[in-house]
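Okay, structure first, notes after.
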Amino acid sequence: MQKIIDQTEKTARNYFSSFGFAEEQISALIATGKKDLQDKLSELETLLDAPETTTEELNSVLHALKGLLFQLGNKEVGEQINEIRSRLDDQAVLDEIRKILLS
């Protein structure tokens, strides 16, 4: 989980800088984004560990994560999540989610 948070923080810093935000604005945006990202990743981890998680629950959290990652400039992982969401009925995709987002 920390890997994706660190990667996104670095990406977000560059992303926001490219728009001309001041350093204090960037720091505030990143702090909020990191907290939201950590909260959603923790929610995802809880769902993946739960015995009776529905596809709809997973899809909802993944959708929120995708949007958050795009807002923070991490489009590569956002696109991966978007692709994964189309295969949630495949049991093997749960391992892929863990590998990409929670390792």
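Please treat every number below as a calculation from the coordinates, not as lab data. Computed from a prediction, not measured in an experiment: that's the story for all the values here. As a convention, Cβ positions derive from the backbone with ideal geometry for all residues, glycine included, and neighbour counts pool all protein chains shown.
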Handout entry: Ranked Asp6, Asp89, Asp36, criterion: other C-beta atoms within 10 Å, fewest first
Key = Asp89, Asp6, Asp36
Problem - Helical mean residue ellipticity (222 nm; -39500 (n - 2.57) per DSSP H run of 4+; nearest 500) of the chain - result: -25000 deg cm²/dmol
Handout entry: Rounded to the nearest 20 debye, dipole of the chain from Cβ charges on Lys, Arg, Asp, Glu
Key = 420
Fill in the blank from the handout: Here the net charge surrounding Ser42, from other residues whose Cβ is less than 12 Å away from its Cβ (Lys, Arg +1; Asp, Glu -1), is -3
Completion exercise
Matching label for the computed volume of the Cα convex hull per residue in Å³, out of [x] 89; [y] 79; [z] 128, is [y]
Exercise for the section: State, as an integer percentage, the relative contact order of the chain based on alpha-carbon contacts under 8 Å between residues 6 or more apart. Expected result: 37
Handout entry: Distance-filtered residues of segment 43-63 - backbone nitrogen under 13 Å, label point 7 angstrom along Arg98 Cα→Cβ
Key = 45-51
